Every structure is written in structure tokens, then in C-alpha cells.
Amino acid sequence: MTDTAIAFDNSYARLPAPFFTRVDPTAVEAPVLIAFNRPLAEALGLDAASLERDGAEVFSGNRLLPGAEPLAMAYAGHQFGQFVPLLGDGRAILLGEVIDRAGQRRDIQLKGGGPTPYSRRGDGRAALGPVMREYLVSEAMHALGLPTTRALAAVVTGEPVYREQVLPGAVLTRVAASHLRVGTFQHFAARGDEEALRQLTDYAIARHDPALAGTPDRALGLLKAVAERQAALIARWLSIGFIHGVMNTDNFSISGETIDFGPCAFLDAYDPEKVFSSIDRGGRYAYQNQPAIGQWNLARLAEALLPLLNADESVAVDAANAVIADYGHRFQHHWSAAMRAKIGLTGPDDADDLTLVRDLLSLMQAQAADFTLSFRSLASAIEPGGESDMLTLFKDHEPVLAWLQRWRARLTRDGVPEAERARAMRAVNPAFIPRNHRIEQAIAAAQTEADFSLFEALQAVLSHPYDDQPQLARFAEPPGAGEEVPKTFCGT
Ligand code: AMP
Ligand code: MG
């Protein structure tokens, strides 16, 4: 491999000492590349051909390319509501940054690259299952069109990791617009280090909101920008049935990307109270709680930024509260736009549109209808007689037919041609999502028989989630009897 396969251009490593600790990845026994994301490598301007051939050494951390400056980032976080002043990258190691083909700075990070000074009692490693889950789901999120960290590569290490059972070890190479989190700000706020807070704010602005650079109210501007990105992101999560599962403030990104795919999963049957994470016993991060948790996390960011918002604390608090309140409106705006689009309404808002949306959701909930397939089937049901696919998802047809009648009456009022509307609906209602039972099947095959064929098949089908792909229809199906996987594990 050429030494220039990755042209690093690092900025985080230039920040002062309290921001991170330099640490090299720990070499592993026998790395094997099990996934390499060639389109992403190309978009990042990397030497894709040589990395695809020889990447096992680089993406395991066994070989450091020139220009890499490995480090573990310091951050704090509220975990399930409890504040932990120092978490930090306990098993993630930032290799460095690159400027991608679009001119954007992107982090390249190994997850599972070995212990760091922030590992506490952890081993610094990742198990194969969570690495596969993150690879599949983060790439599916991207193909679905949501802001997300990406997966560049995955390797198995040839070493065991010890969890409740002995599992194969693996390393994921994650790409992010940055790894700045609400918890990064909380870390410096908790230490009372205003100077670091100021530096972090300017650094975040340079990376994510350069138009704010140098403006007097830039800390408030950053808070507003994060509020807007998170409101938009969480609305889109709900619109595709995604449950993040561990929305701690250390997993809440300043860039507005979905980050940390630990116990995440997608809804099959629609249930707003659905929780997958085995450790989320109180349902704090249930599907329908996500918007409110987003607001709670934003309030934690506002608290951390308070000293920078205004020298007069009561003025600062008022300004922060206004942003936090506005987040609620921004979320509503994004949610209603996304949900109206799902039922084919893109023109001027009608007062009853959201009632239509809510009534459909209630029907799905009452009859445990599959969330993804219910919406996907709607495009065929625009014309009376086209509802047969949809009706197979519901036990009691009568209320569904009544809803369809109201919906069609609404559609006629905005006069969009049927084919155009159906196309627009299929472009926002995916046929394929990373179904939890399929992910678990792929992990089981990989763990027990080193068979990665299902993992690869899922990558392929999920890269075009809005296309019908009739030959792969089995991957669109919800779990059959006995196939359902109701719980997910963080895998730490
Ligand atoms: P997470 O729940 O993945 O967001 O992780 C929360 C914190 O635990 C972060 O500080 C991680 O770096 C740390 N952590 C998770 N798993 C491990 C591990 N296997 N070894 C060391 N630290 C870990
Ligand atoms: Mg995390």
C-alpha cells in the first residue's frame, strides 16, 4: 500500500491538552477486512484500490499511515439522566481528519482500536455483532437520506473479546463530520474551564457553522444551529421508524448526524412506546420520547454554554430558554412536513392534514400493522381498488377503508397527478429498512460459521431502500412467527 493512501489533514490534534490524550491503537493478532465501503472511500478522496486490497492492517490499527495522529477525545455525558463528568473515548481512537471531495472535513476513527486512558474498566475493544450492526444501520441511514456517521470499513481482529460470552473481536472505521458532542461541552463546563469552552465553541463553529465565525453572538448562534439540526434529525428518525436507543448527551452530535448505533433498531409493528434496548428499563428512550429527550439534551448544551451566552446570567438564561422552546416548534414543523409527505401531501398545509396522519398511526397501532410496509403500500392505494397490499397488513379492514376514503377526498383537493404523487411517496416511504431480525441473523451466521453472505446481501439491498427490488422482497418482510428480536444489547 502507498503511504499516501489517506491524506490526513488534522485539526483536532492542534487543540490544547485538555481536549484529548494521544494514544496509539493496540495491534491485533490476525486482522481480516470483512467490509470496505469503496464509494465512501472515493468520496473521501482516499486511495480506494489500495485500501480495499491491503486495508486490514490500516483498519485494524496495526499499521499507522503517515500523517495519522491517533488520539482519544475527552468528553462527559448524562447517561440515562446521570451526569458523568469524564467519559471520553474508551474504545475509539481518532486517526485524524481528511478533506473530502466536496471540501468537507471528516473524522476517521477506529472504534474498538484498543484501550485508552478513558477506558475505565472496559477493554477498549468491540465485538463483531455491534460492529456489523453499526456498519449496516449507519449505511442504511445514509441511503435513506438521513444525516449520519458512516462506516468506511470493518475488520475482525482474530482475537476474542469477553462479554457475557466469548465473542469474536472486530474494529469499525467510522467517518463523521466531527465527533463533537453535547458531552464535549459539558466536560469543560463541569470543570469550569471557560477558556476551553470558548475554544471548543470556535472549533465547532469553524467545522459546522462557519458563517457564525467571529460574530459576537456566536455561542447562541451555535446553540440555535444545533437545535435546528437535532429537531430536523429526530423528526426524520420518527418518520422512518428509527429508535436510537441510547440518546445520552455523549451520543448527541453537534453536527446533527445520527451517532452511536449501540442498541438501535427500527420499528416493525407500529408501537409508539417501543423500546429495544435491554438496559433502557424505564423506556426513557422509547420511540415517542425521542423528541422530548432531544429537547432535554439541548437544555444540557444550553447550560454548558451559559457563561458564553451573556455576562449577565439572567439574560443568558432567557436567551437559552427561548432556543429550547423554539426547538419544540422546529420539531413540529419538521415532523409535520415529513409525515405529510409520507401520505402524499406536499402542497399548502390543510388544517386537517395532521389529523389524517394521526388517525392512520392510530389504526396502525390498534392493529399492530407494520410501520414501513403500511406507508409503502399507500402509494398504490391512491386509486380505489389499489389498496389490496395495504389491507393485508390490517386485520380489520373497515376502518382502513374509511380512512382511505377521507384521504382520497383530501388528495383530490390539491390536484397533483397520481403518477407524480405515487413517485414522490415512494421516494420518502422506504421499502427496505434494516430489520432487526435480519441484522441478528446476519450476526449469528458471521459469529458461528464465519458466513458473511447475509451481511453482504443486506448491505446491497439497503443501499437502495426506496427501490422495490422484487427479487429481494424477502428482506422487506417483517419478522415471521418466532423470528422477532425484541431486545438489543449495547455490546460494550
Ligand atoms: P456508549 O454507550 O457506546 O456511548 O459508551 C459510553 C462510554 O463507555 C464511552 O465513554 C465509551 O468510550 C465507553 N466504552 C464503551 N465500551 C467500552 C469498552 N469496551 N472499553 C472501554 N470503554 C468503553
Ligand atoms: Mg457513545
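The values are calculated or read from the model by the stated rules, or taken from the named source; none is laboratory data. Note that this is a predicted model, so its numbers are computed, not measured. Because the Cβ atoms are built from the backbone with ideal geometry, glycine has one as well, and the counts that use them run over all protein chains shown. We work out accessible area using only protein heavy atoms, side chains counted, and drop any ligands, DNA or RNA first. Shrake-Rupley method; radii C 1.70, N 1.55, O 1.52, S 1.80 Å.
Below are the figures for this structure:
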quantity: Label-point separation, residue 368 to residue 419 (7 Å along Cα→Cβ), nm; calculated: 4.1
quantity: Net lengthening on full extension, residue 471/residue 380 (0.36 nm per residue, minus Cα-Cα); calculated: 30.8 nm
quantity: Ratio Rg/Rh, restricted to segment 12-179 and using Cα atoms, in which Rh is the Kirkwood radius; calculated: 0.95
quantity: Segment 211-234 residues near the modelled residue 198 label - backbone nitrogen below 14 Å, point 7 Å along Cα→Cβ; calculated: 214-219
quantity: Charge-dipole axis of segment 183-341 as Lys and Arg at +1 and Asp and Glu at -1 on Cβ define it, positive-most pick from 301, 214, 339; calculated: 339
quantity: Residues residue 4 and residue 29, FRET efficiency given R0 of 22 Å [Cβ-Cβ distance, rounded to 0.05]; calculated: 0.20
quantity: Portion, in percent, of the accessible area of segment 12-179 that falls on carbon or sulfur, probe 1.4 Å; calculated: 52
quantity: DSSP H segments from the chain that extend 30 Å or more along their own axis, Cα-based, with Kyte-Doolittle mean of -0.5 or above; calculated: 218-240, 313-342
quantity: Separation of the residue 166 and residue 64 label points, Cα + 7 Å toward Cβ, nm; calculated: 3.2
quantity: Kirkwood hydrodynamic radius over Cα pairs of segment 365-492, then Stokes diffusion coefficient at 4 °C and 1.567 mPa s, in µm²/s; calculated: 78
quantity: Within segment 357-398: backbone nitrogen closer than 18 Å to the residue 288 label point (7 Å, Cα to C-beta); calculated: 357-372
quantity: Charge dipole magnitude, Cβ of K and R +1, D and E -1 - the chain, Cα centre, debye nearest 20; calculated: 280
quantity: Fully extended contour minus Cα-Cα distance, from residue 396 to residue 315, at 0.36 nm per residue; calculated: 23.6 nm
quantity: Calculated [θ] (222 nm, deg cm²/dmol) that DSSP helices of n ≥ 4 give over the chain, each run adding -39,500 (n - 2.57); calculated: -14000 deg cm²/dmol
quantity: Contour excess over end-to-end distance, with Cα ends at residue 303 and residue 281 and 0.36 nm allotted per residue; calculated: 5.2 nm
quantity: Contact order relative to length of the chain, as percent, for alpha carbon pairs under 8 angstrom and 6 or more apart; calculated: 14
quantity: Sequence-distant lysines (8 or more away, or on other chains) whose Cα lies within less than 20 Å of residue 487; calculated: 274
quantity: Alpha-carbon radius of gyration plus Dmax, which is the widest Cα pair, for segment 183-341 in Å; calculated: 16.2, 50
quantity: Leading residue at positive end of dipole, the chain (Cβ point charges), from 67, 183, 444; calculated: 183
quantity: Rounded accessible area per residue of the chain, 1.4 Å, Å²; calculated: 39
quantity: Expected-Rg normalisation [2.2 N^0.38 Å, Cα atoms] applied to the chain; calculated: 0.99
quantity: Amide N of segment 241-264 lying under 20 Å from the label point, which is placed 7 angstrom from the Cα of residue 191 along Cα→Cβ; calculated: 249-252, 254
quantity: Apportionment of accessible area to carbon and sulfur, segment 183-341, percent (1.4 Å); calculated: 50
